[in-house]
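Q: The structure follows.
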Amino acid sequence: MRIRVSEDGLEMPDGRRVTCALGRGGIRARKQEGDGVTPAGIWPIRRVLYRPDRVAKPRTKLPVATIGERDGWCDDPADPAYNLPITLPYEASHEEMWREDALYDLVGILGYNDDPPEAGRGSAIFLHVARPDYGPTEGCVALALPDLLMLLEQIAPDSALQIGAGAASTPHD
């Protein structure tokens with residue numbers, strides 16, 4: 001199942017279109033670390049992470065794990081753990097998964113630049129909770145928590161986000 005994502009929103013499996021936030025750089029075919037671009041293409045949803053102190057375990061057919069206080073994601077292209085989960089503290093540049101805001105309370109890990117990761121091509125491209133004003137992301141796709149919960153409940157393990165109108169091919173699956 002493909003879930004279509006465009007600058008106009010995300011099309012749910014039931015046909016409804018919901019608002020989503022995208023990268024501050026818009027949707028582009030070429031992505032580089034730190035450019036704020038949401039990468040165009042077809043990206044599988046590998047697994048789901050959630051903060052058990054803030055949200056209940058989501059109902060989904062995807063693999064699910066909890067986020068812990070020491071969980072991070074490496075975004076340093078020079079580090080061997082680039083675009084991989086890490087345990088904090090960590091010397092190289094990284095994202096903290098246990099955040100003060102609610103953005104990573106529920107996260108779908110997209111299969112972007114992960115098989116294998118290519119240094120500098122972009123990291124930590126997630127499907128996550130949107131800011132209340134749907135402000136731009138650093139390259140992720142973000143939904144309101146109720147929409148994200150509903151999407152995760154409706155999709156299958158072979159589901160993927162099709163980001164951008166020209167996303168006819170899959171650069172890396």
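The values are calculated or read from the model by the stated rules, or taken from the named source; none is laboratory data. Note that the structure is predicted; figures quoted are calculated from it, not measured. Using ideal geometry, Cβ is built from the backbone for each residue, glycine included, and neighbour counts are taken over all protein chains shown.
Q: If you take the residues of region 76-99 that are among the charged types (D, E, K, R) and in contact with a strand residue (DSSP E or B) (Cβ under 6 Å, 6 or more places away or on another chain), which of them is surrounded by the fewest Cβ atoms within 10 Å (Cβ to Cβ)? I'd like the intermediate steps shown before the answer.
A: As a first pass, look at region 76-99 and keep what is among the charged types (D, E, K, R): 76, 79, 91, 95-96, 99.
Checking which are in contact with a strand residue (DSSP E or B) (Cβ under 6 Å, 6 or more places away or on another chain) leaves us with 95-96.
Working: E95: 17, E96: 15.
Ranking the candidates gives E96 first.
Q: Here is a follow-up. Taking G139 as meeting all but one of (1) on the phi > 0 side of the Ramachandran plot; (2) over 13 Å from the mean Cα position of the chain (by Cα), write down the number of the exception.
A: Of (1) on the phi > 0 side of the Ramachandran plot; (2) over 13 Å from the mean Cα position of the chain (by Cα), only one is false for G139: (2).
Q: Report yes if some residue within region 55-72 is surrounded by fewer than 18 Cβ atoms within 10 Å (Cβ to Cβ), at pLDDT 95 or above, among the acidic types (D, E) and out of contact with any Phe, Trp or Tyr (no Cβ under 6 Å at 6 or more places or on another chain); otherwise report no.
A: No: zero hits.
Q: Now for a different question. In region 54-173, which strands (runs of 3 or more DSSP E) lie fully inside it and hold 1 or more residues that are free of Cβ contacts under 8 Å to residues at least 60 places away in the same chain, of a type in the set (A, V, I, L, M) and within 23 Å of Q32 (Cβ to Cβ)?
A: Working: elements: 64-66, 71-74, 85-87, 94-96, 106-110, 126-129, 141-143, 160-163.
Of the strands (runs of 3 or more DSSP E) lying wholly inside region 54-173, those with at least 1 residues that are free of Cβ contacts under 8 Å to residues at least 60 places away in the same chain, of a type in the set (A, V, I, L, M) and within 23 Å of Q32 (Cβ to Cβ) span 85-87, 106-110.
Q: Please verify whether V5 is buried (at least 17 other Cβ atoms within 10 Å of the Cβ) and in contact with a Gly (Cβ under 8 Å, 6 or more places away or on another chain), treating the condition exactly as stated.
A: On the way: buried (at least 17 other Cβ atoms within 10 Å of the Cβ): yes; in contact with a Gly (Cβ under 8 Å, 6 or more places away or on another chain): yes.
Spelling it out, V5 is indeed buried (at least 17 other Cβ atoms within 10 Å of the Cβ) and in contact with a Gly (Cβ under 8 Å, 6 or more places away or on another chain).
Q: Applying the selection to region 23-41, what residues are surrounded by fewer than 23 Cβ atoms within 10 Å (Cβ to Cβ) and either polar (S, T, N, Q) or in contact with a Leu (Cβ under 8 Å, 6 or more places away or on another chain) (or both)?
A: Correct list: Q32 only.
Q: Please pick out the residue among A167, A144, A130 that is modelled with pLDDT under 95 and closer than 18 Å to R4 by Cβ. Break it down into steps so the answer makes sense when it comes.
A: Details: A144 fails: modelled with pLDDT under 95; A130 fails: modelled with pLDDT under 95.
Unique residue meeting the criteria: A167.
So that you can scan it fast, the table gives a plain yes or no per residue for (1) in contact with a Ser or Thr (Cβ under 9 Å, 6 or more places away or on another chain); (2) surrounded by fewer than 19 Cβ atoms within 10 Å (Cβ to Cβ):
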residue	(1), (2)
C74	yes, no
L106	no, no
E118	no, yes
R131	yes, yes
G135	no, yes
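Q: Being assigned to a loop (DSSP other than H, G, I, E, B), more than 16 Å from I125 (Cα to Cα), charged (D, E, K, R) and modelled with pLDDT of 95 or more is the requirement here; does K31 meet it?
A: Numbers: assigned to a loop (DSSP other than H, G, I, E, B): yes; more than 16 Å from I125 (Cα to Cα): no; charged (D, E, K, R): yes; modelled with pLDDT of 95 or more: yes.
Considered against the rule, which asks whether it is assigned to a loop (DSSP other than H, G, I, E, B), more than 16 Å from I125 (Cα to Cα), charged (D, E, K, R) and modelled with pLDDT of 95 or more, K31 comes out as no.
Q: Taking region 2-27, which residues are in contact (Cβ under 8 Å) with a residue 40 or more places away in the chain and more than 14 Å from M150 (Cβ to Cβ)? Spell out the reasoning first.
A: Within region 2-27, the subset in contact (Cβ under 8 Å) with a residue 40 or more places away in the chain is 2-6, 10, 12-14, 18-25, 27.
R2, R4, V5, S6, A21, L22, G23, R24, G25, I27, listed by residue number.
Q: Also: Considering each residue of region 29-54, count those that are touching a strand residue (DSSP E or B) at 6+ places or on another chain (Cβ under 7 Å) and of a type outside the set (S, T, N, Q), and give that number.
A: Residues of region 29-54 touching a strand residue (DSSP E or B) at 6+ places or on another chain (Cβ under 7 Å): 31, 36-50, 52.
Next cut, of a type outside the set (S, T, N, Q) only: 31, 36-37, 39-50, 52.
Count: 16.
Q: Answer yes or no as to whether D147 is surrounded by fewer than 24 Cβ atoms within 10 Å (Cβ to Cβ), acidic (D, E), farther than 14 Å from A102 by Cα and in contact with a Leu (Cβ under 9 Å, 6 or more places away or on another chain). Full working, then the answer.
A: Values: surrounded by fewer than 24 Cβ atoms within 10 Å (Cβ to Cβ): yes; acidic (D, E): yes; farther than 14 Å from A102 by Cα: yes; in contact with a Leu (Cβ under 9 Å, 6 or more places away or on another chain): yes.
Against the criterion (surrounded by fewer than 24 Cβ atoms within 10 Å (Cβ to Cβ), acidic (D, E), farther than 14 Å from A102 by Cα and in contact with a Leu (Cβ under 9 Å, 6 or more places away or on another chain)), D147 qualifies.
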